[in-house]
Each structure stands twice: as structure tokens, then as C-alpha cells.
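Here's the structure, in C-alpha cells; my notes come after.
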């Protein structure tokens, strides 16, 4: 079965036939000469004058005494100035122990994990730990409740850890819960991510603040200002974040995943190859994610100064002199408002809204309607749980964006497939496979939201769930969101560009009537 995990074909190099015949004819003579030479060497060794001296006896390597403490074994670990502490203060264990077992007694390998961060990190960062524990990044309650409501959930959950475990899958909601726990929630702070080179990260606080690259930890120095590469450990694929860098993930079909690379480089550091489209205008100017999405917003607070006020384009571009600065990396200067980028060190002018259209449509049209260059449009997302796996029909879809799934598709047998629960790390029977009816980027689909304001929409809930048990019986076939539940939802593409002369053509509703809210 073709696939990225198949071993390379062995190369067999054969000699041309005439050369092979000549070599075989000379073989007896060559063997005779070799035997004579060997005998002469042995005689010389016995006689003495030209004898080859024997090798000196091997001496035991001198014992190098290691310094006491963690650094004796982990000498390569370098800490940042703010965390230049004894290792045991965060990780536990015994700092000055002489042996490994004693040193590692009570050791915590992931002290920043959500289950431990209050105890391990909260001593110094109590306010941050308290706030981030209820943030959207940690609870994922928006994503979880969005999917569960589509399949009939009547009550919202406070956090992802509350998603029920079901002994029996007897309803579409139970099937959706299993999907969330074992296929969808690779991007949450309880997990170290997937096994692809740029999807591995720390847990809890370390997911953002401890740098990882190429499948491993880059250093033990914590950073207060994470680069975009940290954000992309979770916000890859066809999600907001990847689009900011102009990335659109390929379809899973083998014929769509070109170009193929002959230099041995990894063509899919995030699981699936991606098309490189036009990045967001702000990204090209030098703004990182954290220039707009500050720590206050991401860790349970709000990006803007007014409590509860959501960050939008108008937060900066509609700012007026005499009002509070909405972000702490903004300042006033000659010519108006300026932004100091946190990572690239640029001092950029923030253009005010000067075009008459901004005033005319401010209350009725979202900025992205005119300014987004492209948007995600993955239609018909099909997810099928198989309790017994026959990989052959999926040969051309062996790339699935999940290393665990791909490994079983490529190397699995007809035995019961297993997939880990992302919350308790327990492998249970059944494997989730994915496919799309249509996976394309397009000009934005425009429609009115629940308040009548024109927004960009995407088919985020165009989901179809199926279950085939271990006997081959189809238990659920294309279970869809409950009747009346919207499949297309408004969102803000991070693909900003100039609106162009014909922006007014964007002010027409292109979203089909059946998908309007």
C-alpha cells in the first residue's frame, strides 16, 4: 500500500554480464595470490624483525565524577533568567540525590500540565493560572458545545473534560462525544499534540510558553512572547491562524497532495501538505499573532481595555484621539496611532478608517466582507468510526492528518483498531477516518448573521457521522446535525487585503438561503 510510512525500495545494482564473466574467470588466480600473501604475513609476524606489534591492553576509562544535583546529568539544560531555579522547585524529585532512582522519586515530567499547574506554577503565577484555567484556550468550551449542540445536546459543558464517556454508542450525540474525545481534540493543553514535526508541544502553560520545533523541545527557556510557530502547533490545518500565513491544507486524496519532494524534506510538518496562498496583509507587514491577541485576551481576559469588549478591526483602525489606547503595544505619535510589533520590533502606522464606505456600512457589514482575500470552504466533512478496519478501500486516503490513524491504515491488520482517548490517554476500540466532499478555498460566502449584519460564513458544521461495528453492521449512517440547526456559521477569515475598486460587489448575499441564520 503506498503511503508516506512505507519503507523505501531496496536498490539492487547488477554488474553487466560480460564484466561478470571475466571476473569469474579470474577468481581462482585471485584466491591463490591472496593465500600466498596471508602466509607471508603470518611468517613475518613469527620471525620478529618486521613483526607487527600487538595492540596495548585496553585501559578502563577513568571515572568522571559528576556534580551533585540535576545538572550533573542534565548539563545541557539552559533556563531563562526568570526560571533559573532548582529543578526540584518545579519538577519535584530530590535535587541533591546521588542516584537516578532517588533523584526521580516523586518527579513530575510535565509540571505545567493543567492538572498540576496550580500547584507547580501557581506559587509564582497565581493570577495567571487562575485566569487561564477558565479561558477559551483551556476549556475549549466554544468548540465542544458547538458540535454537541448540533447533535442534540440540551445543556452546555463548562470545559472539555466534562465530555461524557459512553460505554455504548446508542445515539448521534454519543457518537459525537466519542469523536470529540478520540479524533478532534488533539489541540488542547492536556495533550502534547500529534507526532508530526510541527504539531508537538508542551502541555498547559508550556503549550505556548516553552518553545518546540521539529518534533522536540527547542530549549528549556520560557518565553513571554511566543512566536507564531507556537500558535501554529494548534492553529494548523484549515483553521484560523494557518490562513494568516496563507496556508490552505490539501485534500487527503493522493492525487491532490502534490508537489512531491525528491530532496528528502518533510512535505507535511503539520500532517497534510498545504497550498501557499497570499498571507494576511498584517502578517506581511510584520505583525505576529500576539500583536493583536495579547496575553490578557488569550489567558482569560480581553484584548481591549474596556471589560468584555471583543477585539475587532475597528478596535485599532477606528480609534480616535482622546480615547484610551486599546492595546499596550500602541502609542500615539506624529501622524496618529502607531503599533510597536512585539517580535519584529517594527514601528508601524495604523491607518484610520478614511473611506466613506467605512462610515456608511459600519453598522451593517463586517470588515472581512470587503477585505478578506479568500476563505475556508470545506463542504461535506464525513467522519466514519470503524470497529474493524479494512485499510484497502482507504489506500488513496491514507494521509488523514492524524499520525495514529495513518499508522494503523498503513501497517494495521484486520484486528480491532484502537484509538487513544485524548483526555485520559487510554486506547479503546474503534478508529475514526475522515474525508471531504469538496475541499477548496474560495471567494468568501456572504450572508446575514442573526443580527442581520453581513458576515463571511463557512460550513463548519456540515458534518456527517457514521459507525460500522466489528461485524460490519452499519449502526449509524450519515448522522447529521439536528433539523433546523445551522451548518454554515459566521467567522472572521485572517486573510485581510485591500478591498479594491469593486468592493460593492461583495455586499451581495451569496450564501444559499437554506444556510442562512
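Quick notes on this one:
- Evaluated against (1) over 23 Å from the mean Cα position of the chain (by Cα); (2) modelled with pLDDT under 95, residue 116 falls short on exactly one condition, (1).
- A Cβ distance below 9 Å, combined with a sequence gap of six or more or placement on separate chains, defines the contacts here; from region 149-178, residues that are at positive phi and in contact (Cβ under 8 Å) with a residue 60 or more places away in the chain reach residues that are surrounded by fewer than 19 Cβ atoms within 10 Å (Cβ to Cβ) and not in a helix (DSSP H, G or I) in the pairs 152/171; 152/482; 152/485.
- Evaluation of residue 409 against (1) assigned to a helix (DSSP H, G or I); (2) without any contact (Cβ under 8 Å) to a residue 40 or more places away in the chain (one fails), failing number: (2)
- Annotation note: of 440, 422, 458, the sole residue that is touching a strand residue (DSSP E or B) at 6+ places or on another chain (Cβ under 9 Å) and surrounded by 15 or more Cβ atoms within 10 Å (Cβ to Cβ) is 458.
Yes or no, residue by residue, for (1) free of Cβ contacts under 8 Å to residues at least 40 places away in the same chain; (2) touching a strand residue (DSSP E or B) at 6+ places or on another chain (Cβ under 7 Å); (3) within 16 Å of residue 227 (Cα to Cα):
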position	(1), (2), (3)
327	yes, no, no
339	no, yes, no
357	no, no, no
367	no, no, no
371	no, yes, no
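- The sole residue among 324, 279 that is assigned to a loop (DSSP other than H, G, I, E, B) and more than 17 Å from residue 492 (Cβ to Cβ) is 324.
- When region 156-186 is filtered for residues that are more than 19 Å from residue 467 (Cα to Cα) and touching a strand residue (DSSP E or B) at 6+ places or on another chain (Cβ under 7 Å), only 186 remains.
- Given (1) out of contact with any strand residue (DSSP E or B) (no Cβ under 6 Å at 6 or more places or on another chain); (2) touching a residue at least 12 places away in the same chain (Cβ under 8 Å); (3) surrounded by fewer than 18 Cβ atoms within 10 Å (Cβ to Cβ), number of the condition residue 379 does not satisfy: (1)
- All conditions but one from (1) under 23 Å from residue 382 (Cβ atoms); (2) touching a helix residue (DSSP H, G or I) at 6+ places or on another chain (Cβ under 9 Å) apply to residue 272; the one that does not is (2).
- Selection status of residue 395, within 17 Å of residue 179 (Cβ to Cβ) and not in a strand (DSSP E or B): no
- Those residues of region 461-483 which are closer than 24 Å to residue 153 by Cβ and out of contact with any strand residue (DSSP E or B) (no Cβ under 8 Å at 6 or more places or on another chain), in sequence order: 482, 483
- Any hit, region 323-344, residues being under 30 Å from residue 477 (Cα atoms) and surrounded by 16 or more Cβ atoms within 10 Å (Cβ to Cβ): no
Yes or no, residue by residue, for (1) surrounded by fewer than 21 Cβ atoms within 10 Å (Cβ to Cβ); (2) over 25 Å from residue 79 (Cβ atoms):
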{"site": "202", "(1), (2)": "no, no"}
{"site": "210", "(1), (2)": "no, no"}
{"site": "218", "(1), (2)": "yes, no"}
{"site": "225", "(1), (2)": "yes, no"}
{"site": "233", "(1), (2)": "no, no"}
{"site": "236", "(1), (2)": "no, yes"}
{"site": "243", "(1), (2)": "no, yes"}
{"site": "252", "(1), (2)": "yes, yes"}
{"site": "257", "(1), (2)": "yes, yes"}
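- Odd one out for residue 153 among (1) in a loop (DSSP other than H, G, I, E, B); (2) closer than 26 Å to residue 435 by Cα; (3) in contact with a strand residue (DSSP E or B) (Cβ under 9 Å, 6 or more places away or on another chain): (3)
- Residue 389 assigned to a helix (DSSP H, G or I) and crowded, with 20+ Cβ neighbours inside 10 Å: no
- Where residue 296 falls short, out of the listed (1) surrounded by 14 or more Cβ atoms within 10 Å (Cβ to Cβ); (2) outside any loop (DSSP other than H, G, I, E, B); (3) modelled with pLDDT of 90 or more: (3)
- Qualifying positions in region 425-435 - within 21 Å of the chain's Cα centre (by Cα), surrounded by fewer than 20 Cβ atoms within 10 Å (Cβ to Cβ) and touching a residue at least 40 places away in the same chain (Cβ under 8 Å): 434, 435
- Residue check, residue 198 within 23 Å of residue 374 (Cβ to Cβ) and buried (at least 19 other Cβ atoms within 10 Å of the Cβ): yes
The values are calculated or read from the model by the stated rules, or taken from the named source; none is laboratory data. Quick caveat: nothing in here was measured; it's all calculated off a predicted structure. Don't worry about glycine lacking a Cβ; one is built from the backbone with ideal geometry, like all the others, and counts go over all protein chains shown.
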